[in-house]
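One structure is given below, encoded as structure tokens.
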Amino acid sequence: MSARNNPISQKASIDDAAPKAVDRRRTLLRLWRYLYDLKWLFLLAALLMMAANLFALVGPLLSGYAIDAIQLGPGKVDFSKVFYYCAWMAGFYLASAALSYVISRLMIYLSQRIVFTLRRDVFDKLMTLPIRYFDVNQTGDIISRMSYDIDTINTSLTSDTVQVLSSLVTVFGSLAMMIIISPQLVLVFAVTVPASILLTRFLMKKFRPLFRMRSRKLGELNGFAEEILSGQQTIKIYHQEKTMAKRFAVKNDEAVDAYYNAEYYGSMTGPSVNFINNLSLSLISVFGALLFLQGHLSLGKVSSFVLYSRKFSGPINEMANIFSELQSALAAAERVFRLLDEEPEKADDPAALVLDQARGDVTFQNVDFSYDPGRPIIKNLQLAVKAGDLVAIVGPTGAGKTTIVNLLMRFYDVDSGQITLDGHDTRMVTRASLRKRYAMVLQDTWLFTGTIYENLVYGNEAASFEDVVKAAQSAHVHEFIMTLPKGYDTVISEEGTAISQGQKQLLTIARAMLLDADLLILDEATSNVDTQTELLIQQAMNRLMKGKTSFVIAHRLSTIRNADLILVVDQGQIVEQGSHEQLIAAKGFYERLYQAQFDQP
């Protein structure tokens, strides 16, 4: 594949595709804060790691002493010294192993605490983000940041961080011991160590974009997979299984390529550095043999120096691999921190009013709104709704009907003009209290995993069981609930397993009936039920809407003939308004919509 054949040559395009990189030092500092919250446990792990490595560092020295005890002369061995030094070696290595076990248990605990904190922070952030963020970002990509990216960060924050500390102790401890044994042989590392460092820096600079690309492509794959899974019914209806399989194969191939490139080319660092380390070992063996022949070093010291050189170069090789993993972690951290740095929903004005109740007088005054600058959706909207009115909003697709609802609920704020509720500019009312004044029933139903009872009292946990039953009866869903194995205690999922779309719609209507709301918004709430059930629901909704200001987005014009006011919206403007009879008599836009829907001449 082209990406696999020459990924480094595509560095420019990868960098262009990636979002603006976060300053790496700042990213590392932010990652460090998660460790700092557990600083005492981390310090304990670091101290134990240092002790474990220091114990292990004594072994090569004792090994040299044991070898020198063998070299007393032909056929002469001081077994007492050999056994003495070997016993101490076994003791130190056993102590090091025991400490390593304790460290591994401690790091598992640290790891889980960090994962918990990171995911909590991300989830808490998601709860503060505006609706706009979820409109433009795939659910699967967001989930990827909460799962794969955080797991990647966690690996480096825990095991890799402590491993770096362990490597530093081993490197400096081994270097000190080698200087004590033979300063001349240490000069070999004056050439090989700088070569390893320069090579590692060069390779990291080349491979960093590949890790960034890997995280991005995996996020795209997750987003696409989530989209396919949630749209299975539509895919099967249109016989698009093969088409979606081909598209998934393309996304999967891109993700595999990105993963392959990052892992394969990133793994070149370790073997490259290991080659230089093996070269240093060869040089040490040659020069060590010369010093032995000249009588400057004993065979035991040469053996100890070789063992220390392995301990010295081994962590350098490991750190090269760790730095490769850190590139992946930093790329993942950038994605997570970009989410955490997203602008939250604009805070309520300090002087904002808390509405405990509302009459329901609503006005739109010269309202302009656009989702994207330069592409207006609502233009100079003027509207006055009296408390208790039933207002129907009709118009062609894309006319701005749902946008009006978004503005009423302050999911988005107007660009200019103002919307008032009981004379109060809604921007000067806290969002929480404003949204509590509305009950909403949407065309797209939503139920979470839990019992039917928990779903029904979702917005009013203080409701009694009798209130729940009464609402279910009013929504004509009580009899269906009682046919389920556990009645109101039956567990359902967000997908509404074993529950039809119409039944889900009835449950959401019953849920809205339990809310202590003063205004009501219905987005074609009866679109998923049959005609007979629709008539029953209309009766229930009429009781629910009694005395409340209600906004109904209607596609079936037959359902809104009794509305107090019908607003005909086209291209973001109210082109007609009035009662059904008045609009039919006017023979304008509404009349044409009505005739087209019912196929009347």
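Key figures for this structure:
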item: Residue-level accessible surface for V115, protein heavy atoms, 1.4 Å, Å²; result: 10
item: Amide hydrogen neighbours beyond the local backbone of L520, cut-off 5 Å, H modeled; result: A439, T549, S550, F551
item: Length added when fully stretched, Q112-S370, from 0.36 nm per residue minus Cα-Cα; result: 88.5 nm
item: Accessible-area ranking of R359, R427, largest first, probe 1.4 Å; result: R359, R427
item: For the stretch 423-519, convex hull of alpha carbons as volume per residue, Å³; result: 108
item: Sequence-distant residues sharing a close amide H with V429 (under 5 Å, placed H); result: L353
item: Residue-normalised accessible area of the stretch 63-188, expressed per residue, 1.4 Å probe, Å²; result: 53
item: Dipole magnitude (debye, nearest 20) for the chain, charges at Cβ of Lys, Arg, Asp, Glu; result: 2420
item: Cα point-scatterer Debye curve for the stretch 384-443, base-10 log of I(q)/I(0) at q = 0.25, 0.28 Å⁻¹; result: -1.36, -1.51
item: Burial order of peptide ranges 544-553, 289-298 (average beta-carbon count within 10 Å, highest first); result: 544-553, 289-298
item: Tail beyond 36 Å, pair distance distribution of the chain (Cα, percent); result: 57
item: Rounded to whole Hz, the Karplus (6.51, -1.76, 1.60) HN-Hα couplings of the stretch 561-575, x for glycine and proline; result: 5, 9, 5, 5, 8, 10, 9, 9, 9, 8, 6, x, 10, 7, 8
item: √(5λ) per eigenvalue of the Cα gyration tensor, the stretch 145-209, largest first, Å; result: 33, 18, 4
item: Selection from Q595, T152, Q365, by position along the positive dipole direction of the chain (Cβ); result: T152
item: By accessible area with a 1.4 Å probe, ligands and nucleic acids excluded, highest first: order of T161, T508; result: T161, T508
item: Largest-first principal axis extents of the Cα set of the stretch 151-285 (Å); result: 78, 26, 21
item: Net charge, T549 excluded, C-beta distance under 12 Å - Lys, Arg +1, Asp, Glu -1; result: 0
item: Backbone HN-Hα couplings from phi across the stretch 505-517 [Karplus 6.51/-1.76/1.60, Hz, Gly and Pro as x]; result: 4, 4, 5, 5, 5, 4, 4, 5, 5, 7, 6, 8, 10
item: Tail weight of P(r) past 14 Å, computed on alpha-carbon pairs of the stretch 341-408, percent; result: 72
item: Per-residue [θ]222 nm for the chain (sum of -39500 (n - 2.57) over DSSP H runs n ≥ 4, rounded to 500); result: -20000 deg cm²/dmol
item: All-pairs alpha carbon distance profile, the stretch 322-365, 10 Å steps from 0, percent; result: 18, 23, 19, 16, 13, 9, 1
item: Accessible area of the chain belonging to carbon and sulfur atoms, whole % at 1.4 Å probe; result: 59
item: Stokes-Einstein D (µm²/s) once Rh is taken as the Kirkwood radius of the stretch 95-202 over alpha-carbon pairs, at 20 °C in 1.002 mPa s; result: 119
item: Over 18 Å (Cα to Cα) - which of K81/K301; K386/K546; K346/K401; K436/K548 fall in this group; result: K346/K401
item: With all protein chains modelled, accessible area of F123 [1.4 Å, Å²]; result: 100
item: Angle between the chain longest axis and helix 589-598 axis [Cα atoms, degrees, rounded to 10]; result: 80
item: Net charge, D368 excluded, C-beta distance under 10 Å - Lys, Arg +1, Asp, Glu -1; result: 0
item: List K217, K587, ordered by accessible area with a 1.4 Å probe, largest first; result: K587, K217
item: Charge sum, other residues only, whose C-beta stays under 12 Å from A463's C-beta, Lys/Arg counted +1 and Asp/Glu -1; result: -3
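The values are calculated or read from the model by the stated rules, or taken from the named source; none is laboratory data. What you see is a predicted model; the values in this text were computed from it and never measured. Because the Cβ atoms are built from the backbone with ideal geometry, glycine has one as well, and the counts that use them run over all protein chains shown. Accessible surface is based on the protein model in full, side chains and every heavy atom, while ligands, DNA and RNA are left aside. Shrake-Rupley method; radii C 1.70, N 1.55, O 1.52, S 1.80 Å.
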